[in-house]
Structure formats: structure tokens, C-alpha cells
Ligand SMILES: Cc1cc2nc3c(=O)[nH]c(=O)nc-3n(C[C@@H](O)[C@H](O)[C@H](O)COP(=O)(O)OP(=O)(O)OC[C@H]3O[C@@H](n4cnc5c(N)ncnc54)[C@H](O)[C@@H]3O)c2cc1C
Ligand code: FES
Ligand code: FES
């Protein structure tokens, strides 16, 4: 299990990375390598050149700006996991981090690598879709933005142009009311990729009315999805447990659900509803607990 | 390709193909055979080494990516010929192994844990080694070893007048 | 053999395991660590189809690459070697390292490439062009039995390798006379032991000395002999180095095909050659897979739940070739009734070939699936009568006073006290509270169940299943040995003659020799000579080393003591009976001050021939070759035989909770009662038990070599073959009990398998208890989350239970 031969470059900055990428059709970016290297070892991926962006410091940061939390693409997952700004401003992101592989994979794996890899079960992809993140890339000296809702196209397929380097992901910070989050996933072993995952973020006002809600489901179909019908039904209302499950089931009814070695399609559809419900329930409960000063 | 690896405090220049993993370079070029290949695709953790103190899988890094990083292998945490570290000794005390194939990696994962968290709960320990598969032991004596080592290390650090 | 001391100095005390020191510093010497100068590397080209004729092999592009030395195909290898040894008498099912003309499973090795590095060998392997003509294939064991099934080996005439029916006792009568009958079909999925180290072997041929040196990660009886035979070499030309640490095996590290392959290559090419399987080669085509077995069990019982008779049909899918695996249907004969007093048994054992990866020996050698089947049926007996599952077991268990106990298939169980072990476990766990906890979980909306399982671990490994299933095989000898030498400086060195995979055999030998010589075990050096300097061993299979290596070490040490006593008696001028051995010295019992110390005796033996008793060999070297206790007889005509001498017992008690919405099972409590006779090293026995349980959890819940309908293996990486991690293995409380074996020197029995024997049955039991309120049961392993979740959802829908309740 040895990779096929390739050339290795470590550009000093993003533009050099982009130039290298543009100059070689078979070139691929390597960030944390936690997905790419196994694929190469099995020779399922055989880039002619690896462009290592993991040490470009301009791609590694976490900062709050303009009501957003911006994270550089090459920021290691372990850094996000332990970051105090993430913990307070982006609790949903903080909640999913420990579920991404193991400590040893998070020590190398990056935020941008996970997003660019677009695994349907990736927790970061789910959060990006759920919170309407924006992804910024650079290509041939120009920056471009893609909303998360358009970024993920299929399993390991994204809207990122061929010769582009992902630079940043920006998550809007919600400031309207008491924020609460919920996240659940099911996998065979605790640290495996999920069969089904669900993430929810809500704000409730003093009267317990749900002001805003985002609910996303991962791993059930080719890309993470939002349950928009449920969001519409809930926002502006006082949550009613009895109506919630049918609403979620309705929202999932037309989804083209994946079946594989690990989980059947009916399982995924059914459990997606369960986990979505649990994520919303947890989010509502934690919103009530946290109070407004939390955000 | 020429790369300078800083391993266990010493700098070694090695000539490797870009595709040579850090694991293979450590084993084949530097003769440090304490890191083992179990799967070569990132799941078993047998190849774990420390990179700047963090436990990482050396099968998922190419050697050419590792220059300038302080790499520590099991050979580097062994105090000297015939001597064991507290953690290594604790693994012997509880028999935290059988075949010994996963053991160096387990010890390094534990090392990384105890460096950041000197008083881990059992849950913390279980979590810290969850990326290291051991087929022999069922983990119990490994968890015991790490808990014992944590306790002993805390004991060593305690000032003598504290009565320990 | 009751001459053993009753109280021990070192045996049973919680001493460190001497092997551990080298492992914690990364100085184990595994096969991949052995740097033979000039080593070249092998990569394999495998067949992508479950069955195909090899039409052409074009090596040109591969051979043209710089650094590539050779491309070997099956025909060339077959012309120069003999087929690998098979267990059964199946001459038309030849097995060879590389496929010859026809490949019979996806992943079968077709071509081997030798190059300067493994990476280069893989590059070249991609350039070997093989053209195939696809052939019909069969995957399922029952399909393979059908008359129109594609034949995996046309020359054999059918897919059936073995179909034997044994009748032990009055089965017809017992069934006719029993008021109640019950049938059950259960399935054990294809899983295995999957050590973290794959198989590795390096071989180096020296044409001037005519010697093949081999370093390999093996656990294989008669490995040097089988390798030599296949390579057409005298076994004295094959030197296997046993001082290689093996990174886990639990049965599978057989490696004959690998070794014959590299042995041929090094001879052919004139430089050392190494094959380290990568995980893909290992899982698809290495010695990787274990039993895949379908059981149909019928029992006849009375109104009180006492089982009188059992009919069992076991259909095993052994994969594409025979190997040793069909024997895994034979070993369970030695404990075919488990710990129960079932007085008659009909057992039909069927092994069929299919176009799947070959099955190899797995921990407990076929007993674990059988135990699962027995434990499932006893629970169904209880359920059918509305009887408590524990009570049903108690009524059927062999009682303490009935030992030694002859079971219908001819084995006599040596000793045991099953009821007491169970009582101890129940007391430790506070069974009443555990039941209350289950009911509390249920009341809270969870599915919850208590799992119970007993199991017997036959140990001491004789090979009686060989003559039982293959009449041409008359083997009844199954040895292990130890040599102890004391050199002229008084230092003691003991030997063992096999590699180990973590079972602490050096510690075992040191402890036993130290115990017997009354000397600190740390003083006993334990070494592993190579196969040409070795005494006979049959390797650590069949939970045999505590009994056999421990026994051999004991007897060798006794011989050494006797020799020392004889020297002292001669030199002190006292009769033998008065010469008394203590802690390395010998004294006159009537005048204890008259004493010869260790060095005095050593000096006489090594330097003072004039002081030696007449006719005594000089020096201090003794050895003992031990035969399995109670072994040695061929099976009777109706297939009764003593299979293994000692029988350990375990009782597993667990509490599981299942989230009904997710179908995800969780072990909340795990208590196990363990009786393996006298424990030689508690740390080792503890570890073996825990490791076995973890392995059993894997087989029950996570691990399966699943195939798709096209014959492709779906679980061929660690992303898809799921070994339990620290998150999945709960803390286990172990309750010990000691019923010594009368057949062994210290009363010890084997202990490496019982965790694996009981855990799958216990987990199945807990899950079925949890499912009982829904009126469903699951009779297939592994019980995967999605499957369980779908079953629960269907059942809840049927009984109209609302879903989605939080
Ligand atoms: C044992 C194990 C368990 C895991 N479990 C999980 C899990 O539960 N959940 C989960 O989400 N992930 C999991 N992962 C994968 C996760 O660890 C990876 O970190 C992540 O998927 C990829 O990040 P990376 O930085 O390692 O990217 P790499 O592997 O370096 O790259 C992945 C892909 O992204 C591309 N890429 C990377 N960076 C950029 C960029 N800046 N611009 C453009 N393209 C780029 C690469 O070219 C490549 O195609 C697991 C991995 C392992 C080994
Ligand atoms: S060998 Fe690196 S994780 Fe398995
Ligand atoms: S000790 Fe053998 S794999 Fe852990």
C-alpha cells in the first residue's frame, strides 16, 4: 500500500500554490493529508504533484470579523476544537469537532481539507450547510465566494474550480436572542464516519418563541441537506413536539437516501428524522439555558 | 529528495522519494523500528509518533512534509539503555499489552495525553487511545497503565513536604 | 501427575511479564524489523473476479522497469513446488501460493513481482497485464450445495469437502421419547482475528550451505516441515528463526503460501526476498478469514427444560480452498454439548467451497460459533417453557460431583464446578439489582436485556480432529518440549521451540522452571532456538501452552533436580531418599549442615568427572518432550475421541441497552466468571480474558467480511472492517474461581479463548432479551446497528407502538 510516484512542492503563499495548481492538471493540494494520503496509499488517487498548503500561515487563523467567524482553510481541526472564540461564538462548530475522527487525525486534518473533500458524512460540511457558511477560494489571482448551499455537489464533488485553492470559510454569527445548538450522529464505532447526523441551531426569545432555526442532516444523501420546511414551520412559533416529527418526516420524504454496507436507506431516513428531532430538542433546551449574553 | 528530519532531538538528512511516508523513512532510513505499520491507511494508529508533541499517524505524512517538525518516536521517550520511563514502566506493571505491536504507539498517544492533561479521567484516557486499535488486550490493562502512570507522575511532581 | 506442590512460590503470583520490557521501548523484533542485507520486496497482482480463467499474462512492461527483478506466475511456481498441505483427503482441491490457470476468489494472488522496494514492486504490479475469462461463481454455502451450482474445483466433482454425520447415543429414541422439540437456525457471519500486524516473511537462500533461512510472523504447527515439503527441500535445509515476535495471531498467522512463495523466489533469484502483506492483500487474500457457519439445531427436551438430545447440522463456507479450516468443524466435537448434560447427539458437519477468500484457523478453532448456537438454543428452550433462562441452564449443567464427565462424543471433561462459578458471578454482580436496572431502563423507554452465556474452553490442544475427519491421518502425537541447560558459571537457560504472539510464553517457562527449581524466575533465561536446533513443538494453538509448554518445562526442571540430587547423594555419601533439594542446593535430611550448594553441584557436573556418579552424563542439560495428557488414541469407528485434555469454564453476564430509535446496542455492565484451573500468571490470564471478550464483541456487533452479489469483498480496509476501539469495549469485571485440572502439573488449564467463546453468545442473549417485548429475535451475527434498527422499527410498527417518542 504505497502511493504512486509524484512530485512535491511546498509553495510559500497562496498565489504560488494557485500557479502550481494551474500549471499541472494532475496536481492536487494536500492539507492535513488525513483523507488524501489513504486514498493515495490505496492508489485510488494518483496526483502527479502534491502542493502542500499546510504551512502557509496566511491560511491558518480563526478570527471574528463583520459578524462572521472566519477560519483559514489550513487551520488544523485540533485548533478549532480548542479555540475559545469558536466555543463562545460558534457553539455548533465546537460541538461537532470532537466527532471528527480521533485526536491524532484532528492534529493534522484541516478545516479546508474536510470541506474540499466533501464527504457526505463530514461534520464540518454539515455545519457549513446548516449555518449558511460562505467559502472563499482563490484562483489565478482572483478571489471567489461560494455559499455552502452551492458548494457541495455530490460525494467528494464540489463547486470549487479545478485550479482553485480554498482559502477561508465564514460562518455568520447569530446575535438575535438566546442561541442554542444540538448535534447528534450515529455510527458503528464512536469515531467512525456517521451513518446519519443532524445539527440544529436555534434562537428563542424571552417568550419561548423560536426566532430563528437552522436544521441540517448529514450522511443520508450525497450532500448535507437542510430541512427547510421544518425551519419554516418552526420559526416564529412556539415549538410543538407533536407536530415536529411529522414535519421532519415530511421534509425527508423525497430525499434520495443512500444505502451502503453500513446502513440501509430506510434506516438512514428514519434515523435522520429521529436525530433531527433530538438535535432540535437539544437546541431549544440549551437556548433556554444559555440566555442572551452567551452571544 | 533530500529532507532534514529532526527526530528525537537529532537532525538526520535522508534521501527519500516524495512518496515515502514518514513511517517508512523512520523505519527504513533511520532504523527506528518502534513505529509499526498496521494498515497504512490511517485507521489503526500503530504508526503513531509525536510531531511537536502531538500524536499523529506517521503513515499519513510524507517524510518530505516533516522537516522542521520535532518528531519523537518511542525510542526518544526511552530514558536510556535498560531504563524505562514512568509510562513505560506502568505499562509493564499492569501488563498493558500482549503482542506488543500496538504498544509503542499506545505509549506515545498516552504521552501526548499526559503532557496536556496530567489528571485524566478514565473517559479522557479511553478517548485519547480510541484512535489506536489494540487487538490483543481489550484495552483494560492499557487504560490501567495510563491511569497508574498519571498518578505516579503527579506523585513525582508533588513537593516532598506534601507528604507523598 | 499429582506430584506438584500445592502451594506455590511464583506460580499464581502477580508477577510482571518479562516480554513486556522490550515492547514498551519499541524493541520487539517483528518480522518486518529484521533487516537482511540485500533484501528485495514482493508485491502481488490479484484476481479482480470471484472466478476466472487466466488467459494470458504479459509481463513485458513490468520487467522493463528499472529496479524490477522478476515477475513470477503460478505455472512456474507450480512446476517447481508441491501443492500446500491440506487437512482433509482432497487431492483434487490443490492449493498453491499463486493461482494456476484458474483463480477462484476476488483477491487471489496471481502474480508476484520482485523489485528493489515495495513501492516499486507495486508500480510494476500495475503494469502486469493479465487477461481473464470470467467464470460462473458461487458465494453462498447453501447455493454451493445445489446440484447445479458452479463447481469451485471441477476436478473434485462437487463443492462438498466434508459431509460427515456422527451419531453418539440414542438420538432417535431420545427424540421420540421427549415431549418437546424445538428447532432453530442461527448464522455466524464471516469474521476473523485480524491482527494489527499483517503477515510478514523474509527468506534468504544460501546455495553454498543449501540453507533457507526464514523469519516470519507465524503461528503454525509443522510450519518448517510443510514449507520444506512444498519446496521439495529436506526439512534440514529450512531454518526457521523462532526468535521473531509475532504481532498478534489468535490463529490466523499460518503463512505457508507466503513462505513457499518467497522461499522459491530467493532460491530462484539468489538474493533475500521479503513479503509483507499490505492490509489489502491481507484482507482479500492473506490468511485472513474465519468461519462462516450456518447451524440448524433441533433439541428434544422435557417439560422441566432438561435437554435430552440434540441434532446439529453445521454448514461451513470455507472459501475457495481447503487448507486446515474444515477441521474447525471437528474441534467442537470435543465439547459438542457445551457444559450441559445432553445425553445423545447427532452432529452433521459439512464444509463447502465457494468463491470467497480461504478460511483459516481462528481463535478457539470453530468452537465459538458452535457455542453461540448451543447457547441460543438453550435460551429458546427456556422461552418455550416460560422458564427463567438462568434456571434452564442450571438444570442442564453438569454438576460438580459428576466429574470426570464423559460426553456422548467421547471426551471426558476433567474437572469443573459450573454452578459455583455462576453463583459467584451472580453474587458479585448483584443479579437482582441488575434485573431491576434492566427493568428501570425498559420503563424509561429503552430496550434493555440481560445477556447470559456459559462456555467451555477445551485446552491443551491435541489434534484428534485430524484422524476424526481424515481417516488417512493417523496423528495422535502432539508434543511440546523444553530443554534446560545450566552452564559452567551456573547460569540457567531454558528453551522453547515456537514463536509467540503475545501469550507470554517466556514468562510461563521462567515461572514454571523457577517454581520447580525453587529459584527466582528472573534467573532463568528463556530463549527460542531456530527450528534446526529445536525440540518438537506444535506451536501455540488450541490453548495448549500453559498445559503443554508449562508441562514440558516442569518435567525438564524435575529431571534437572533429580540429576542434582543424584550428584549430591553420591558426593555426600547419603542414600537418594535422604538427599533433599531446596532452592538450588541439596542437603542431607538427617544432617542439614551437610549441604552442597548450587555452584558446588554445577562444578561437579561440568568439571569434576571424578566426582560424578558412575554412568552419569556430564554437564547439566536436560530436556523433556511432552505428549498431550489423555491424548494418544485414534477415534473409535463411530467417531468418539478424547479431544483435548482440559476444559476451562466461563460464565458471562451482561446488561445491554438499545436505543429503540437508533438500534444502537450499548453494553452497560459486563461481568465474567472464569475458571481455568490454577492461574500461572494472573496478569496474562486477565489480559487474555479481556482480549477475548473484546474480540467477541467485535464478532457479535461490528466485524464482517461482507461480500456483494458480484463476489467482491466489501470490507477490505479498516474503514469497513470494524475492529472495536477503546470506546467499544466496556470495563469488564472478572470473578475468578479455581478448579484445578487433575491432568496438569499445577492444575492449570488453557485460558486464551474463553472470552471469545462466550462474548458473542452473551451479547446475542442480551439483545434477544431486550427484543423480547417486541416479539422478535435475531439469530445472525454480527448484529449491526442498521439491521437491528430496521428490525426494531418493523416490529414496533407491527405492534402499533408509536415511534419517535423521546
Ligand atoms: C481514521 C479516520 C477517521 C476519520 N473520521 C472522520 C470523521 O468522523 N468525520 C470527518 O469529517 N472526517 C473524518 N476523517 C477525515 C478527516 O480527518 C480529514 O481531516 C478531512 O476529511 C480532510 O482534511 P485534510 O486536511 O486532512 O485534507 P487532505 O487529506 O489533505 O485533503 C483532502 C482533499 O481536499 C483537498 N484540499 C485540501 N485542502 C484544500 C484547499 N485548501 N483547497 C482546495 N482543496 C483542498 C485535497 O486536494 C484533497 O482532495 C477521518 C480520517 C481518518 C484517517
Ligand atoms: S499504520 Fe498508520 S494508522 Fe495504521
Ligand atoms: S498488544 Fe497486540 S495489538 Fe495491542
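Tell me yes or no: at least one residue of segment C:602-616 is part of a strand (DSSP E or B) and either at positive phi or modelled with pLDDT of 95 or more (or both).
no
Is it true that residue A:4 is within 13 Å of another protein chain (Cβ to nearest Cβ) and surrounded by fewer than 17 Cβ atoms within 10 Å (Cβ to Cβ)?
Yes.
What is the one condition in (1) at negative phi; (2) more than 10 Å from chain C (Cβ to nearest Cβ); (3) at pLDDT 95 or above; (4) not in a helix (DSSP H, G or I) that residue B:68 does not satisfy?
It is condition (1) that residue B:68 fails.
Scan B:112, B:147 and give me the residue that is more than 10 Å from chain C (Cβ to nearest Cβ), in contact (Cβ under 8 Å) with a residue 60 or more places away in the chain and farther than 19 Å from residue C:30 by Cβ.
It is B:112.
Can you find even one residue in segment A:278-294 that is out of contact with any strand residue (DSSP E or B) (no Cβ under 8 Å at 6 or more places or on another chain), modelled with pLDDT under 95 and at positive phi?
Taking every residue of segment A:278-294 in turn, none turns out to be out of contact with any strand residue (DSSP E or B) (no Cβ under 8 Å at 6 or more places or on another chain), modelled with pLDDT under 95 and at positive phi.
Which of the residues spanning segment C:725-739 are in a loop (DSSP other than H, G, I, E, B) and more than 7 Å from every other protein chain (Cβ to nearest Cβ)?
First, pick out the residues of segment C:725-739 that are in a loop (DSSP other than H, G, I, E, B): C:725-732, C:737-739.
Within segment C:725-739, C:730, C:737, C:738, C:739 meet the criteria.
Would you confirm, using the coordinates I've provided, whether residue C:319 is buried (at least 24 other Cβ atoms within 10 Å of the Cβ), touching a strand residue (DSSP E or B) at 6+ places or on another chain (Cβ under 6 Å) and on the phi > 0 side of the Ramachandran plot?
yes
Among the residues in segment A:248-262, are any away from chain C (no Cβ under 11 Å), touching a helix residue (DSSP H, G or I) at 6+ places or on another chain (Cβ under 7 Å), loosely packed, with under 15 Cβ neighbours inside 10 Å and not in a loop (DSSP other than H, G, I, E, B)?
Looking through segment A:248-262, at least one residue is away from chain C (no Cβ under 11 Å), touching a helix residue (DSSP H, G or I) at 6+ places or on another chain (Cβ under 7 Å), loosely packed, with under 15 Cβ neighbours inside 10 Å and not in a loop (DSSP other than H, G, I, E, B).
Take the residues in segment B:110-136 that are outside any helix (DSSP H, G or I) and within 16 Å of ligand 2 (Cβ to nearest atom), then tell me which one is nearest to residue C:727 (Cα to Cα). Steps first, answer last, please.
In the first step, residues of segment B:110-136 are kept if they are outside any helix (DSSP H, G or I); the result is B:117-121, B:129-136.
Subset that is within 16 Å of ligand 2 (Cβ to nearest atom): B:129-136.
Details: B:129: 9, B:130: 6, B:131: 10, B:132: 11, B:133: 10, B:134: 12, B:135: 13, B:136: 15 Å.
Applying the filter and picking the extreme gives B:130.
Working only within segment C:6-43, note down all residues that are within 8 Å of another protein chain (Cβ to nearest Cβ) and at pLDDT below 95.
C:35
Quick test for you: out of C:257, C:232, pick the one residue that is away from ligand 3 (no atom under 16 Å from the Cβ), within 29 Å of the chain's Cα centre (by Cα) and not in a loop (DSSP other than H, G, I, E, B).
C:257
Residues that are out of contact with any helix residue (DSSP H, G or I) (no Cβ under 8 Å at 6 or more places or on another chain): find the strands (runs of 3 or more DSSP E) completely inside segment A:178-225 holding 2 or more of those.
Ranges flagged: A:210-218.
Would you check which residues across segment B:22-54 are touching a strand residue (DSSP E or B) at 6+ places or on another chain (Cβ under 8 Å), at the interface with another protein chain (Cβ under 8 Å from one of its Cβ atoms) and without any contact (Cβ under 8 Å) to a residue 60 or more places away in the chain and list them?
B:32, B:33, B:37, B:40, B:42, B:51
Consider residue B:63 carefully, then state whether it is touching a strand residue (DSSP E or B) at 6+ places or on another chain (Cβ under 6 Å), facing chain C (nearest Cβ under 8 Å) and on the phi < 0 side of the Ramachandran plot. Full working, then the answer.
Numbers: touching a strand residue (DSSP E or B) at 6+ places or on another chain (Cβ under 6 Å): yes; facing chain C (nearest Cβ under 8 Å): no; on the phi < 0 side of the Ramachandran plot: yes.
No; evaluated as a whole, the condition is false for this residue.
Given the residues C:466, C:437, which is the only one that is under 23 Å from the mean Cα position of the chain (by Cα), in a helix (DSSP H, G or I) and away from chain B (no Cβ under 14 Å)?
Exactly one residue qualifies, and that residue is C:466.
For residue A:144, state whether it is within 14 Å of ligand 1 (Cβ to nearest atom) and not in a strand (DSSP E or B).
Judged against the criteria, residue A:144 is not a match.
Modelled with pLDDT of 95 or more and part of a strand (DSSP E or B): does that describe residue C:300? Break it down stepwise before answering.
Working: modelled with pLDDT of 95 or more: yes; part of a strand (DSSP E or B): yes.
Spelling it out, residue C:300 is indeed modelled with pLDDT of 95 or more and part of a strand (DSSP E or B).
How many residues are assigned to a helix (DSSP H, G or I) and at pLDDT below 95 when one looks only at segment C:748-786?
Looking only at that region, the number is 2.
Among B:134, B:102, which is closer than 17 Å to residue B:89 by Cα, facing chain C (nearest Cβ under 9 Å) and within 16 Å of ligand 1 (Cβ to nearest atom)?
None of the other options fit; the residue is B:102.
Inside segment B:24-50, can you point out the residues that are surrounded by fewer than 24 Cβ atoms within 10 Å (Cβ to Cβ) and outside any loop (DSSP other than H, G, I, E, B)?
B:27, B:28, B:29
Being in contact (Cβ under 8 Å) with a residue 40 or more places away in the chain, more than 26 Å from residue C:261 (Cα to Cα) and part of a helix (DSSP H, G or I): is that true of residue C:142 here?
yes
Is it the case that residue C:708 is surrounded by fewer than 18 Cβ atoms within 10 Å (Cβ to Cβ) and out of contact with any helix residue (DSSP H, G or I) (no Cβ under 7 Å at 6 or more places or on another chain)? Full working, then the answer.
Numbers: surrounded by fewer than 18 Cβ atoms within 10 Å (Cβ to Cβ): yes; out of contact with any helix residue (DSSP H, G or I) (no Cβ under 7 Å at 6 or more places or on another chain): yes.
Yes; evaluated as a whole, the condition is true for this residue.
For residues that are surrounded by fewer than 24 Cβ atoms within 10 Å (Cβ to Cβ) and not in a loop (DSSP other than H, G, I, E, B), tally how many sit in segment B:51-63.
As a first pass, look at segment B:51-63 and keep what is surrounded by fewer than 24 Cβ atoms within 10 Å (Cβ to Cβ): B:51-54.
Next, from what is left, pick out any that are not in a loop (DSSP other than H, G, I, E, B): B:51, B:54.
Of the residues in segment B:51-63, 2 are surrounded by fewer than 24 Cβ atoms within 10 Å (Cβ to Cβ) and not in a loop (DSSP other than H, G, I, E, B).
Only helices (runs of 4 or more DSSP H) wholly contained in segment A:70-139 count here; list those with 1 or more residues that are without any contact (Cβ under 8 Å) to a residue 12 or more places away in the chain and over 12 Å from the mean Cα position of the chain (by Cα).
Fully inside segment A:70-139 and qualifying: A:84-89, A:103-106.
Given the conditions (1) more than 7 Å from chain C (Cβ to nearest Cβ); (2) more than 16 Å from ligand 2 (Cβ to nearest atom), and given that residue B:91 satisfies all but one, which numbered condition is not satisfied?
Against the list (1) more than 7 Å from chain C (Cβ to nearest Cβ); (2) more than 16 Å from ligand 2 (Cβ to nearest atom), residue B:91 comes up short only on (1).
Residue by residue through segment C:561-577, note down the ones that are touching a helix residue (DSSP H, G or I) at 6+ places or on another chain (Cβ under 6 Å) and either surrounded by fewer than 18 Cβ atoms within 10 Å (Cβ to Cβ) or over 15 Å from residue C:604 (Cβ atoms) (or both).
C:576
Can you list the helices (runs of 4 or more DSSP H) lying wholly within segment C:1-101 that have 2 or more residues being within 16 Å of ligand 3 (Cβ to nearest atom) and farther than 30 Å from residue B:85 by Cα?
Of the helices (runs of 4 or more DSSP H) lying wholly inside segment C:1-101, none has at least 2 residues that are within 16 Å of ligand 3 (Cβ to nearest atom) and farther than 30 Å from residue B:85 by Cα.
Right, residue C:635: in contact with a helix residue (DSSP H, G or I) (Cβ under 7 Å, 6 or more places away or on another chain) and over 30 Å from residue C:411 (Cα atoms) or not?
In short, no.
The values are calculated or read from the model by the stated rules, or taken from the named source; none is laboratory data. What you see is a predicted model, and the numbers here were worked out from it, not measured in a lab. Don't worry about glycine lacking a Cβ; one is built from the backbone with ideal geometry, like all the others, and counts go over all protein chains shown.
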